[in-house]
Amino acid sequence: MRLETCDVSLISTAVQVTDQIATTIMDPARVERIVQNNTRGLHGVEWVSSTLGAGSAGSAVFLLGHAARTGEDQWYQAAFDNVRAAVKANNRSPIRALGLFSGVAGLAFTLNECAEVESKFRPSAHRLHNRIVDEVMAMSWSFETRKSVPTAEFDVISGMSGLLTYLSLSPWRTRATRVAVDHIAHYLSWLVCSAEVNQTFFQSPDTFLKGASNASNYPRGLVDANLAHGIGGVLFALTAVDGSGLSSLAMSESIGRLVEWFRLTSNFETDRFCVPRALSKNADGSLSADPLGADDIRWCSGLVGSSTALMRAAAAVEDGPLLAAAREALLTSLELYLRDVPGDGPVWESPNLCHGLAGAATALASLGGVPSQRESSIFQTLVRRLMNLADKEAPFVFTESNACGAKLNDPTFLSGAAGVGAFLDLALSGNSPRWVQLFTGGPVNVEA
């Protein structure tokens, strides 16, 4: 899906905005200086240069896409400068975590992308990939019934679900890679099937991150359903590897079990399809659904992410009715959001990929097939709303709002300007960059 050529003004604005974002982000040293003034504990900009989600590695992914769309060599050079900055940062202070957005797998993904354009990055990319494979094979788990598996162990952002997603997209399809894929997939599948899902993935309050909203929203604990940090992410990763051809394992039982969990906890019967944000623990020890609002468009923890995970899983298990329901849920949630949240109203709109307009529009662009008039209309409106948030006086064109309502200059890929720029290049070109698969599990379908 791409912007309609008849909307000349919107296209012109998007072109100018992406060029400005690229200009503001191309110098990693400048970005570091600005971000340092925005880092204020839990409510500031998180910047870890070596990571994909919050560092120069993410800037490089955006700049690669921008170069591919514009054909201008300066952006390729800027991308290479940023990935070198990320590698140097990792050499100075190695990331111990293997996670996709917050660990070394994201840096490996970026190096693989650079190596596809410039062969001199191939040796470094291959070495880092082999390091990840070796560390995966050194992992061992106790196959005893688990209760309350820590989120960081299994989630998409920093855990095994994200790592499995990286491996499923890796160009290094070696025997060692396949063994590593099976090693993680076996354990994740076992976690899903070894006991009740609610028991295995229940998060007790003592496991919450300091300052997290879960502490106040779920004082007795929860079973998280979302894509970034919950069961939806496990389903997303197992579906990704099932379709990659890299695993020798059958994923149907674990995928089917999680699909059934969503069936039992979701509302499929009304025109406002709803999945739970979480199952909240009550005073009597029972669990009850804390539903997502039908207009909750967040990729990370909203209906957009849950619908995306369910669509991919439904396709994998060939469940046509569920696929149609999840697809309709995505479209309906976006329509309700655009109706209920006025762009010029008091509600702060976020532009980013993680929990904002860019992420929602990326999911819509990934539906595949010839876009309907309804889909194209929603897409155009989302981009127009996104353009209304641009501030050409801001250091990175787009700003974010922290938990206290203060505006932050966030250049990052996951939660800031680099990700917004990457989406806009996608919308302008209709290309299918590989980073989209990290968010939606499938390539963008291009229509001439």
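Potential lengthening of the chain between Val117 and Glu318 amounts to 68.8 nm, from the contour at 0.36 nm per residue minus the alpha-carbon distance.
Around Ser306, with a cut-off of 12 angstrom between Cβ atoms, what is the net charge of the other residues, counting Lys and Arg +1 and Asp and Glu -1? After counting each charged neighbour, the total is +1. Give the aspartates and glutamates reachable from Lys407 as a straight Cα distance under 19 Å; neighbours fewer than 8 places away on the same chain don't count. Correct list for Lys407: Glu32, Glu46, Asp344, Glu349, Asp391, Glu393. Working note: Karplus 6.51/-1.76/1.60 with θ = phi - 60° gives the stretch 92-109 the couplings 5, 9, x, 6, 7, 6, 9, x, 6, 9, 10, x, 6, 5, x, 5, 4, 4 Hz, where Gly and Pro are set to x. For Leu408, the residues whose modelled amide H falls within less than 5 Å of its own, excluding neighbours fewer than 5 places apart on the same chain, are Glu400, Ser401, Asn402. Per residue, the stretch 117-201 exposes 44 Å² of accessible surface when a 1.4 Å probe is rolled over the protein heavy atoms with every protein chain present. Using a/c under 1.5 as the rounded threshold, could you call the chain rounded, prolate or oblate? The axes a ≥ b ≥ c are square roots of the C-alpha gyration tensor eigenvalues, and prolate needs a/b larger than b/c, oblate otherwise. Rounded shape, in that the Cα axes give a/c under 1.5. Each residue of the stretch 424-439 was assigned a 3J(HN,Hα) from its phi angle through the Karplus curve 6.51 cos²θ - 1.76 cosθ + 1.60 (θ = phi - 60°); the sequence is 4, 5, 4, 5, 6, 9, x, 5, 10, x, 5, 4, 4, 5, 5, 9 Hz, with glycine and proline shown as x.
Quick one: net charge around His183, please, counting Lys, Arg +1 and Asp, Glu -1 for every other residue with C-beta under 12 Å from its C-beta. Charge balance in the 12 Å sphere: -2.
For Arg277, the residues whose amide H sits under 5 Å from its own are Asp290, Leu292, ignoring neighbours fewer than 5 places away on the same chain, with H placed 1.01 Å from N. Check the straight Cα-Cα distances from Lys120 and name the lysines below 30 Å, setting aside those fewer than 8 residues away within the same chain. Answer for Lys120, where 30 Å is the Cα cut-off: Lys88, listed by chain and number. Positive contributions from Lys and Arg (+1) and negative ones from Asp and Glu (-1), summed over other residues with Cβ under 12 Å from the Cβ of Leu426, come out at +2.
In summary, the lysines within cross-link reach of Lys281, defined as a Cα separation below 24 angstrom excluding same-chain residues under 8 places away, comprise Lys147, Lys210. Here the Karplus relation 6.51 cos²θ - 1.76 cosθ + 1.60, evaluated at θ = phi - 60°, turns the backbone of the stretch 162-171 into coupling constants of x, 5, 5, 5, 4, 4, 5, 9, 5, x Hz, with x for every Gly and Pro. Placing pseudo-labels 7 Å out from each Cα toward the beta carbon at Arg339 and Asp27 gives an inter-label distance of 4.8 nm. Only protein atoms count toward the accessible area here, which uses a 1.4 Å probe; on the chain, the carbon and sulfur part of that area reaches 50 percent. Residue separation of Phe143 and Arg96 scaled by 0.36 nm, minus their Cα-Cα distance, works out to 14.5 nm of gained length.
The values are calculated or read from the model by the stated rules, or taken from the named source; none is laboratory data. Remember, it's a predicted structure, so these values are computed and weren't measured experimentally. In this analysis, Cβ positions are derived from the backbone assuming ideal geometry, glycine residues included, and neighbour counts consider all displayed protein chains. Accessible surface areas use protein heavy atoms only, side chains included; no ligands, DNA or RNA. Shrake-Rupley method; radii C 1.70, N 1.55, O 1.52, S 1.80 Å.
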